[in-house]
Every structure is written in C-alpha cells, then in structure tokens.
Amino acid sequence: MTSTSTAAQRARPHAGPAWMVLALVCACQFMVILDSSIVNVALPSIRGDLAFTSTGLAWVVNGYLLTFGGFMLLGGRAADLFGPRRMLVAGLLVFSVSSLAGGLATAPEVLVAARVAQGIGAAMMAPATLAVINTSFTEPNARAKAFGAWSASGGVGGLAGAVAGGAITTGLSWRWVFLINVPIGAVLIVMAMMSLAATRTGRRESLDLTGAVTGTAGLAALIYGVMQTADHGWSSGLVIGPVVAGLLLLVVFTVVEARIAAQPMVPLRLFRIRGVAVGSGLLLLFGAIAIAMWYFTSLFLQNVLGYSALQAGLGQTPAAVMFMAIARWAAALLPRTGVRPLLLAGSGCFVAGFGWLAQAHADSGYVTSVLGPTLLVAVGIGLTFPTLMAAATADVPEGDAGTIGGLAQTASQVGSSVGLAVLATAAGARAATKAGGSSPAALAAGYDLVFLMAAGIGVAIAVVSSLLPRHRHG
C-alpha cells in the first residue's frame with residue numbers, strides 16, 4: 001500500500017489543480033525578477049532616509065544579485081534532495097521575512113543584510129519553480145505552455161519593477177517596495193502547501209558540502225569581481241583578485257565533483273546530455289543579450305533622449321508586452337517545430353533589431369529609432385528564452401530537475417553579470433573617445449557600440465544552436 005502511494009505521488013507530484021501549480025510558479029518567478037529591478041528607482045529615497053554612502057548604496061542592488069547568482073546551484077540541488085515544495089516554501093519564507101526586515105530597516109547595514117538574505121531566498125525559489133514545471137507537466141504540449149507562461153511572468157516582473165518602483169516610491173514610500181512582498185509571500189506559501197505534494201527523489205543522498213562551498217563561493221567571487229568593474233577598470237586588483245579567486249574555486253569545484261564527491265552537487269554526467277551542455281552555453285550568451293536590451297535601451301532613453309526613469313520604463317512597455325505575447329506563442333510552437341527553427345528566427349530578430357538600434361543618435365525619435373527595433377528584439381527574446389529553458393532542461397532524470405533548473409538560471413545570471421561588465425566597459429571607452437565624453441551624442445555612440453556587439457552575440461547564438469539535438473523538446 002505504501003509503495004503504491006509513493007509511486008502515485010511520484011507520477012503526480014502536485015496535489016492541487018494544474019492551473020494552481022502554474023499560477024504558483026509564475027508568481028514566484030515574477031517576484032524573483034521583480035526584486036532584481038524594483039529597488040533601482042527607489043535608491044535616491046533610500047539614500048536620503050538611511051544616509052547611505054554612494055558605495056554602500058550600490059550594495060542594496062548588488063547584495064541581492066550576488067547571493068541570487070551565487071546560491072542558485074546549491075538551491076537547485078537542495079530541491080532535488082529535499083523536494084521542490086520544501087525548497088519553494090522555505091525560499092518564500094526567507095524572502096518574505098527578509099523583505100519585512102528591509103522594509104523596517106533603520107540603518108544601512110540592516111537593509112543590505114536584508115537584501116543579501118532576499119537573494120538567498122530567491123536562489124532557493126527559482127530552481128524549485130523549474131523543478132516543479134519539469135515534474136508536474138510531463139506532456140510535451142503542457143510543458144511547453146508552462147515554460148511559455150513562466151518565461152512571460154519574468155517579463156512582467158522586469159517591466160513591473162521599472163514602473164511600479166517609481167509609482168510605489170512616489171505614492172507611498174520606498175519601504176513599500178519591500179513590504180509589499182510580505183502579504184504576497186504569505187499567499188504563495190499557502191498556495192504551495194495546497195497545490196504541491198511533499199515529494200522527494202527517493203534517493204538517500206546527503207548534500208555535497210565541499211562542492212556546495214567551493215561552487216557557491218566560486219560563483220559569488222566571480223560575480224563580485226565582475227560587479228567591481230562598474231567602479232574600477234578590468235586591470236584593477238579589486239577586479240582581478242575576486243575574478244581569479246572565483247575561477248580557481250570553480251576549477252576546484254569541478255575536480256571535487258568529478259573525482260572526490262561520492263554524491264556530487266552537480267553530477268558531471270548531466271553534461272553528457274547535449275541539450276544541457278549546449279543549452280547552458282546558449283543561456284550564457286542570452287544573458288548578455290537580455291542586458292543589452294533592457295538595461296542599455298533604458299540608459300539610452302534616459303541619458304540620450306532625456307527620459308525620466310518612470311518614462312523609460314513606460315517606453316519599454318510595448319517591447320515587454322511583445323515579449324510576453326511571443327513567449328506564449330513560441331511555447332505553443334515548440335513541440336511541433338523543435339528548438340532550432342525558433343532559435344534561428346530569434347537570432348535573426350536580434351541581428352536585425354540591434355543593428356537598427358545601433359543607428360540611433362542624440363536627435364533620434366522614439367518611434368522610429370527605439371520603439372521599432374526594441375519590438376523586433378523583443379520578438380527574438382520571446383522566441384529564444386522559453387526555447388532555451390526547455391532545451392537546457394529536457395531529457396533530464398526527474399531526480400535532477402532542480403539541479404538542472406539551478407544550472408540553467410545560474411548560466412543566464414552569470415551571462416548577464418559578465419555581459420553587463422563587458423558591454424558597459426565598451427560603451428564607456430567608446431564614449432570617452434568622442435568630444436564631450438558625457439554628452440548625449442558621446443553616450444549615444446557608446447550605446448550604439450553595445451547594440452552592435454549584441455547583434456554579434458545574436459549571430460553566435462545562431463551558430464551554437466546548430467549543436468543542439470535535432471529532436472523536438474517539450
């Protein structure tokens with residue numbers, strides 16, 4: 001009787017209706033992406049109220065991104081060992097409590113610590129959502145649609161962060177940027193308890209502590225070093241030291257996983273699955289594409305065309321809506337077309353859209369020089385992101401779904417961090433060669449170079465996608 005119940009539970013790892021499961025994972029993804037951007041608009045108010053220094057203020061953003069990217073592999077493995085529901089509920093609890101602490105903070109140190117804890121909670125939640133999709137939606141069409149909805153919810157979160165941050169800060173207080181997570185988190189915890197079964201892999205494994213320490217520390221050091229390029233050059237010891245330390249720790253992590261760990265945190269056998277290996281590499285490239293689109297077009301609107309932060313967010317709204325619509329449509333096509341046609345079409349949109357954006361200058365109009373090309377790039381993102389996520393997580397044993405989810409999202413996050421640093425350096429160097437290096441015309445020249453580099457990354461995605469398996473993914 002017990003074995004029959006266990007088998008049934010593994011076959012159907014959700015206790016509630018499928019729509020509730022999908023709503024849950026989409027809402028969690030929305031919260032994770034929202035908190036990557038919603039704080040940006042509130043930073044001036046936070047600095048005034050809590051007397052932050054300029055350097056300290058950056059860590060209100062960086063503290064979250066650092067632990068979010070650094071702990072995702074660990075969060076993914078924990079989801080496999082302890083069950084996605086446990087990790088999702090634990091992550092929501094950490095996220096909500098730290099949001100409360102951030103909203104009530106009266107000192108800079110408290111707010112930064114709360115943001116660090118928020119990032120850890122997000123790193124627990126994000127891989128668990130992908131594990132839930134992979135184990136709950138096993139039919140190809142249903143899984144593809146779930147990936148499309150999950151991807152679109154991230155787009156909604158990114159858009160809402162830019163717009164809602166300004167509205168909440170202006171209409172209420174910067175504290176509500178954090179406090180609003182508390183009631184939402186409570187509702188999602190109840191939903192998780194109602195809709196997800198308390199499944200486990202059935203394997204008696206312990207957490208690979210050596211791998212967890214070296215992998216997490218390596219990723220955190222690498223991301224930290226890359227973040228320092230915003231204030232220091234690539235040749236600075238403050239950049240080189242953490243980056244080299246991070247890379248060395250990741251080498252040690254690889255050796256531990258391959259030769260020492262009896263139960264590795266990231267089993268290297270998973271990279272024998274071509275979709276996992278190639279898909280992860282493509283997600284690194286895609287992370288840089290996403291940064292070029294959302295971050296640098298926002299800077300172009302503000303620093304070149306003179307938009308406010310809120311106006312820039314509204315200016316990106318059409319592209320965000322286009323992304324969400326195309327992501328849902330691409331997910332429906334994926335089981336029929338397979339990954340390659342969608343990725344090639346998406347890459348074509350990247351090349352054309354970013355090539356068009358690279359023609360913009362200080363006297364450009366919004367409709368012809370920004371709206372048109374960003375809509376085209378958004379079509380590419382909508383075709384590419386859910387397709388890559390499906391490709392990178394397909395054909396994986398159910399017991400490794402959380403690990404692969406963590407790996408996929410870590411690849412995208414690291415790609416974004418490294419891409420931001422490289423592209424920002426290139427933009428700054430190009431602007432500095434122009435007369436009046438901080439003038440709108442000079443800044444436009446720097447951003448145009450970024451858009452040309454992003455078009456080149458689009459070509460690289462097209463080339464690498466040819467290495468993916470030919471069979472269809474769902």
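Values in this text are rule-based calculations from the coordinates and carry no lab data. On a predicted model such as this, the values are computed, not experimentally measured, just so you know. Here the Cβ is made from the backbone with ideal geometry for all residues, glycine too, and neighbour counts use every protein chain on show.
Loop-resident chymotrypsin sites (Phe, Trp or Tyr not before Pro) (DSSP state other than H, G, I, E or B) in segment 219-278 with no more than 13 further Cβ atoms inside 10 Å of their Cβ are absent. Across segment 22-36, coupling constants 3J(HN,Hα) worked out from phi with the 6.51/-1.76/1.60 Karplus curve, θ = phi - 60°, read 5, 4, 5, 5, 5, 5, 5, 4, 4, 5, 4, 6, 4, 6, 6 Hz, and Gly and Pro carry x. Between the amide H of LEU196 and those of ALA15, GLY16, distances stay under 5 Å, these residues lying 5 or more places away or on another chain, with hydrogens modeled in the peptide plane. Over the chain, the ratio between the Cα radius of gyration and 2.2 N^0.38 Å evaluates to 0.94. Only Cα pairs under 8 Å and 6+ residues apart enter the sum, and on that basis the relative contact order of segment 14-197 stands at 42 percent. Electrostatic tally near TRP150: other residues with Cβ closer than 11 Å to its Cβ, Lys and Arg +1, Asp and Glu -1, net +3.
In this simple spin-label approximation, TRP234 and ALA142 carry label points 7 Å from Cα along the Cα→Cβ vector, and these lie 4.8 nm apart. Relative to the dominant Cα principal axis of the chain, helix 209-227 is inclined by about 10°. Taking every DSSP helix (H) stretch of at least 4 residues in the chain, weighting each as -39,500 (n - 2.57) and dividing the sum by the residue count yields a mean residue ellipticity at 222 nm of -25000 deg cm²/dmol. Loop sites by DSSP among the trypsin sites (Lys or Arg not before Pro) of the chain, restricted to those with at most 10 other Cβ atoms within 10 angstrom, leave 205-469 as the longest stretch without any of them.
Each of MET72, ALA312, VAL97 was scored by the projection of its Cα onto the charge dipole of the chain, and the greatest displacement toward the positive side belongs to MET72; charges sit on the C-beta of Lys, Arg, Asp and Glu. Each part gets one Cα centre, and for segment 102-122 versus segment 296-362 those centres are 32 Å apart. Annotation: peptides 102-109, 362-369, 410-417, ranked by per-residue average of other Cβ atoms within 10 Å with the highest first, follow the order 410-417, 102-109, 362-369. By how many degrees, 0 to 90 and rounded to 10, does the Cα axis of helix 440-465 deviate from the longest principal axis of the chain? On a 0 to 90 degree scale, this one is about 30. Each Cα pair of segment 16-58 feeds into the Kirkwood radius, which the Stokes-Einstein equation turns, at 10 °C and 1.306 mPa s, into a diffusion coefficient of 126 µm²/s. Equivalent-ellipsoid semi-axes for segment 317-414 (Cα gyration tensor, √(5λ), whole Å, largest first): 30, 14, 11. Taking the longest Cα principal axis of the chain as reference, the axis of helix 401-432 is set at about 10 degrees.
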